[in-house]
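Okay, structure first, notes after.
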Amino acid sequence: MISTLRARIVDAIRLRLRSDVPVPVYLSGGIDSAAVAGIAMDLLKQSNANAKLATFTLAFP
């Protein structure tokens, strides 16, 4: 069951990385956004060993 969930998450991230422009990842500070960023980086590195992933976060005063 866990491997099925992971496969679905990876497929969802792979689908969203299909773009002709760089796709950044928003880091909220939680484990979920860190997991998405990690999986996205792994997927990008499969096609380009020098790939970089832009991330951003927001802070309000």
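Every number in this text was worked out from the coordinates using simple rules, so none of it is lab data. Being a predicted model, the structure only gives us computed values, none of them experimental. Methodologically, a virtual Cβ is constructed for each residue, glycine included, from the backbone with ideal geometry; neighbour enumeration extends over all protein chains shown.
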> Under a Cβ-Cβ cut-off of 15 Å, what is the net charge of the residues other than residue 7 that fall near it, where Lys and Arg count +1 and Asp and Glu count -1?
Replying inline: +1
>> Given Cβ point charges of +1 (Lys, Arg) and -1 (Asp, Glu) and nothing else, what value in debye, to the nearest 20, does the dipole of segment 2-56 about its Cα centre take?
In response: 100 debye
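I need the trypsin sites (Lys or Arg not before Pro) found in segment 10-46, filtered to DSSP loop residues with at most 15 other beta carbons within 10 Å of theirs. Mind showing how you got there, number by number?
Numbers: sites: 14, 16, 18, 45; in loops: 18.
Passing both the DSSP loop test and the Cβ count: 18.
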> Amide H to amide H, which residues 5 or more places from residue 25 or on other chains are under 5 Å from it, using H placed in the peptide plane?
Replying inline: 54, 55, 56
>> Let me make sure I get this right: for the chain, a, b and c are the square roots of the gyration tensor eigenvalues over alpha carbons, sorted descending. Under 1.5 in a/c it's rounded, otherwise prolate if a/b > b/c, else oblate. Which is it?
In response: oblate
